[in-house]
Ligand code: S3P
């Protein structure tokens, strides 16, 4: 069994993933942390040294490795489903859950943590809102290939996810 949590930066993949893994007695992997460990560098350093293109290659390679592991919940980076055949790989090797909170929630959360994220570092509230709106439009077709989509939930809890998974 393998569950991939996908969705925009700040949608809560890591927090929910950790709880979901604990409840289902599965291992938890945060794809970004895995990339950092495998490359001995932080995500901002990989972006600075190799650009987004280099980062996407590291991300693809990490995902291919993880796709071979079993019994785990994976919190992916926000861009992971939108490059190469990553979304197809995830759908082939597990269940994919797209978490899509309202944009206002993403903006609030990301304003607090934007400096750890190279794509949005230093943006004002207005710039961030516009960036998310535009970027989400491009990414939505990829995210929407998920086996389960959870939209507009404010405080998403593990029980909600389990209930929706059962209903499928
Ligand atoms: C990215 C999201 C980040 C990280 C990188 C790029 C993106 O992960 O992979 O900064 O392209 O949306 P989180 O979604 O965990 O912030």
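The values are calculated or read from the model by the stated rules, or taken from the named source; none is laboratory data. Because the structure is a prediction, the values reported are computed rather than measured. Here Cβ is always computed from backbone atoms with ideal geometry, including for glycine, and neighbour counts include all displayed protein chains.
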TODO: Return yes or no: is residue 34 modelled with pLDDT of 95 or more, in contact with a strand residue (DSSP E or B) (Cβ under 9 Å, 6 or more places away or on another chain), in a helix (DSSP H, G or I) and within 13 Å of the ligand (Cβ to nearest atom)?
DONE: yes
- [ ] Please note which helices (runs of 4 or more DSSP H) are completely contained in the stretch 62-168 and include at least 1 residues that are more than 14 Å from the ligand (Cβ to nearest atom), within 25 Å of residue 37 (Cα to Cα) and touching a strand residue (DSSP E or B) at 6+ places or on another chain (Cβ under 7 Å).
- [x] 86-93
Open item on the list: What's the total number of residues in the stretch 65-113 that are without any contact (Cβ under 8 Å) to a residue 24 or more places away in the chain and in contact with a helix residue (DSSP H, G or I) (Cβ under 7 Å, 6 or more places away or on another chain)?
Closed with: 1
